[in-house]
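Structure, as structure tokens:
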Amino acid sequence: MKTIWKKEYETGFEKIDKQHRQIVDIIDKLNEEIEQKVGGDTINEMVLELKIYSISHLDFEERLFKKYNYTNENLENHMDKHNFFRNKISEFMVGEIYIQTELAYKISTFLKEWLISHIQETDKKFVQFLKDEGHI
């Protein structure tokens, strides 16, 4: 099922919001492939793309933390959530050479739920920090 992007998912930081939408688009494409039972190499490639792009996005955010000296009480919580995500993705993919449809669906469901929750609970706090400090 395609994700309806809502205004409430936006942080107000254009580049971060664009990256979030890209992750959702990849999740939606993966779900389409799963629903069409394409399977095989296509699903493996899309799961890998999703993993790489998502981790790249987290790395981008973490570079912003350093650049803007984001060291308040929210940083530890934010980093814990990023690390949880990295660990969960690694856990999903340990020993998986060929990702089955059921696992691909679990990965896409986890990512979508995690991303929406993460945007609303932690990314918005970071962007508010940037606004309060006059960085954006």
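The values are calculated or read from the model by the stated rules, or taken from the named source; none is laboratory data. These numbers were taken from a predicted model, which means no experiment stands behind them. No Cβ is skipped: glycine too gets one built from the backbone with ideal geometry, and neighbour counts run over all protein chains shown.
Residues of region 1-29 being more than 15 Å from D59 (Cα to Cα), touching a residue at least 60 places away in the same chain (Cβ under 8 Å) and β-branched (V, I, T), which ones? Matches in region 1-29: T3, T11, V24, I27.
From the list N74, N83, N31, the one residue that fits, being surrounded by 14 or more Cβ atoms within 10 Å (Cβ to Cβ), more than 22 Å from E14 (Cβ to Cβ) and of a type outside the set (A, V, I, L, M), is N31. Inspect region 114-127 for any residue being of a type in the set (K, R), modelled with pLDDT of 90 or more, over 15 Å from L30 (Cβ atoms) and surrounded by 13 or more Cβ atoms within 10 Å (Cβ to Cβ) and give the result as yes or no. Yes, the conditions are met somewhere in region 114-127. Report yes if some residue within region 70-78 is under 15 Å from I107 (Cβ atoms) and hydroxyl-bearing (S, T, Y); otherwise report no. Checking region 70-78: not a single residue is under 15 Å from I107 (Cβ atoms) and hydroxyl-bearing (S, T, Y). Within region 121-136, residues that are within 13 Å of N69 (Cα to Cα) sit with their Cβ atoms under 9 Å from residues that are among the basic types (K, R), at 6+ positions apart or across chains, in these pairs: H135/K67. Is it the case that region 41-48 has a residue that's part of a helix (DSSP H, G or I), β-branched (V, I, T), touching a helix residue (DSSP H, G or I) at 6+ places or on another chain (Cβ under 9 Å) and at pLDDT 90 or above? The answer is no; no qualifying residue exists.
Of the residues making up region 1-20, just one is in a helix (DSSP H, G or I) and closer than 21 Å to A104 by Cβ, namely H20. Inclusion of I107 among residues that are crowded, with 16+ Cβ neighbours inside 10 Å and either of a type in the set (K, R) or under 16 Å from the mean Cα position of the chain (by Cα) (or both) is warranted. Annotation for region 72-93: at least one member residue is more than 27 Å from K2 (Cα to Cα) and over 19 Å from the mean Cα position of the chain (by Cα).
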